[in-house]
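**Student:** Structure in structure tokens, see below.
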Amino acid sequence: MKWLEITVSTTDEGTEIVSARLSMLGINEVSVVQGHEAVERIMSDAVKYWDYADDAALNEQPAVRAYLADLPENEGAAERVRESMRELAAMEAEIGVPLGDLEVSVREVDEEDWANNWKAYFKPIKIGDKLIVCPAWEEVPGGTARSVLRIDPGMAFGTGAHHTTRMCLELLEKHIKGGETVADIGCGSGILSAAAMLMGASEAVALDIDPVAARIAAETAEANGIDLMKYTVYTGDILSDADIRHAVARRKYDIVLANIVANVIIALAPLVPHLMHKDSVFIASGIIEDRLDEVVAALEGSGLKVNEVKSGEDWRALEATLK
């Protein structure tokens, strides 16, 4: 089969955001080309990064490559991607993350040219002390007592590779003792809430404004044997949709997660305490270093106390409790 390879040039920080944007268009077969510095780190310290890149990436700028079957129903997809990237470029200041030029290029490739190349870099990775994230086609390393989270390779965002997700998982595992209830706001692929369930949480609510992300979160949970009676997925905007807000906020959660971006976390700050009881913890990530003080100020102004901040290159994650 012939495939269309659609490449979006970006930055190392922007790859996850571009991938999420593509998923909004229903494009989930992607690979990531990291910049040469990131690739060198991946190659030299694979246990820290669950990511992938082809050898040519050593000479390339960061990019996200999306793959679509070259079929009539995909006609016009490239132009839809270009339009989406133009919209994303206009949002760069609001997002607070450098996204690069977001230039889109297209070429036709044979399936064998890409289908297996990146799998060599997509290996199981241990995160924290309790979890191992494993691609669907890989064997789980023998003798592990860790919870195993299976991720489909088509899930381009929220894979555990990016600092934002990894730091969330590391903070999350500290608070999973067994039986916790979890709310995952802006759930993406559902990796955080699914990991929480696998590590011992009793119930989880996952919410995303993007219906594609919500669908993938449910698929992630089901693929990992999570009881869907205890894993509820909502689609909608908790900030603007009163019905969604009421549905999610009708109970208090032991752990509230938000791996999004600084502006959304700031907007969520007044709502978060209503999802928490006195012993709850709020874990937030996706915060670029330059926006950390704004986020902390918004949370503390809403009745939260920031107890810990984790760093991963230019990214920050934090843990907060009620004052």
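The values are calculated or read from the model by the stated rules, or taken from the named source; none is laboratory data. Since the structure is predicted, the reported quantities are computational estimates derived from the model, not experimental observations. Cβ atoms come from the backbone with ideal geometry, glycine included; neighbour counts cover every protein chain shown.
**Student:** Somewhere in the stretch 184-191, is a residue outside any loop (DSSP other than H, G, I, E, B) and either modelled with pLDDT of 90 or more or in the same structural domain as M24 (by TED's automatic domain parsing) (or both)?
**Tutor:** yes
**Student:** Among the candidates E294, E313, E219, E300, which residue alone is acidic (D, E), outside the structural domain of A20 (by TED's automatic domain parsing) and touching a strand residue (DSSP E or B) at 6+ places or on another chain (Cβ under 8 Å)?
**Tutor:** On the way: E294 fails: touching a strand residue (DSSP E or B) at 6+ places or on another chain (Cβ under 8 Å); E313 fails: touching a strand residue (DSSP E or B) at 6+ places or on another chain (Cβ under 8 Å); E219 fails: touching a strand residue (DSSP E or B) at 6+ places or on another chain (Cβ under 8 Å).
That would be E300, the only listed residue that is acidic (D, E), outside the structural domain of A20 (by TED's automatic domain parsing) and touching a strand residue (DSSP E or B) at 6+ places or on another chain (Cβ under 8 Å).
**Student:** Just give me the residues in the stretch 92-112 being modelled with pLDDT of 85 or more, outside any loop (DSSP other than H, G, I, E, B) and out of contact with any Lys or Arg (no Cβ under 8 Å at 6 or more places or on another chain), in sequence order. Break it down into steps so the answer makes sense when it comes.
**Tutor:** So in the stretch 92-112, the residues modelled with pLDDT of 85 or more come out as 92-107.
Restricting the remaining residues to those that are outside any loop (DSSP other than H, G, I, E, B) gives 92-95, 104-107.
Those that are modelled with pLDDT of 85 or more, outside any loop (DSSP other than H, G, I, E, B) and out of contact with any Lys or Arg (no Cβ under 8 Å at 6 or more places or on another chain): E92, A93, E94, I95, S105, V106, R107.
**Student:** What do you reckon, is E173 free of Cβ contacts under 8 Å to residues at least 60 places away in the same chain and out of contact with any Lys or Arg (no Cβ under 8 Å at 6 or more places or on another chain)?
**Tutor:** On the way: free of Cβ contacts under 8 Å to residues at least 60 places away in the same chain: yes; out of contact with any Lys or Arg (no Cβ under 8 Å at 6 or more places or on another chain): no.
No; evaluated as a whole, the condition is false for this residue.
**Student:** Tell me, please, whether a residue that is buried (at least 19 other Cβ atoms within 10 Å of the Cβ), within 30 Å of D290 (Cβ to Cβ) and among the small types (G, A, S) can be found in the stretch 238-253.
**Tutor:** For the stretch 238-253, residues buried (at least 19 other Cβ atoms within 10 Å of the Cβ), within 30 Å of D290 (Cβ to Cβ) and among the small types (G, A, S): absent.
Let's see how each residue does on (1) assigned to a helix (DSSP H, G or I); (2) out of contact with any helix residue (DSSP H, G or I) (no Cβ under 8 Å at 6 or more places or on another chain); (3) of a type in the set (G, A, S):
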| residue | (1), (2), (3) |
| --- | --- |
| A206 | no, no, yes |
| A221 | yes, no, yes |
| G225 | no, yes, yes |
| I266 | yes, no, no |
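**Student:** For the stretch 193-204, which residues satisfy the criterion of being hydrophobic (A, V, I, L, M, F, W, C) and either outside any helix (DSSP H, G or I) or without any contact (Cβ under 8 Å) to a residue 40 or more places away in the chain (or both)?
**Tutor:** M197, M199, A201, A204
**Student:** Looking only at the stretch 238-260, how many residues end up being more than 17 Å from A320 (Cβ to Cβ) and either outside the structural domain of D314 (by TED's automatic domain parsing) or outside any helix (DSSP H, G or I) (or both)? Talk me through it step by step, then tell me what you get.
**Tutor:** Step one: list which residues in the stretch 238-260 are more than 17 Å from A320 (Cβ to Cβ), which gives 238-251.
Filter again for either outside the structural domain of D314 (by TED's automatic domain parsing) or outside any helix (DSSP H, G or I) (or both), leaving 238-241, 249-251.
Residues meeting the conditions: 7.
**Student:** Could you say which residue among I283, I288, I265 is surrounded by 22 or more Cβ atoms within 10 Å (Cβ to Cβ) and at pLDDT below 95?
**Tutor:** Within the list I283, I288, I265, the selection yields I265.
**Student:** State which residue pairs qualify: first residue at positive phi and inside the stretch 231-250, second residue among the acidic types (D, E) and in a loop (DSSP other than H, G, I, E, B) in any location, beta carbons under 8 Å apart, and separation of 6 or more residues or different chains.
**Tutor:** From the stretch 231-250, no pairs qualify.
**Student:** Are any residues in the stretch 291-309 assigned to a strand (DSSP E or B) and either at pLDDT below 95 or among the acidic types (D, E) (or both), and if so, which ones? Write out each step before concluding.
**Tutor:** To start, the set of residues in the stretch 291-309 that are assigned to a strand (DSSP E or B) comprises 304-309.
The answer is E308, and nothing else.
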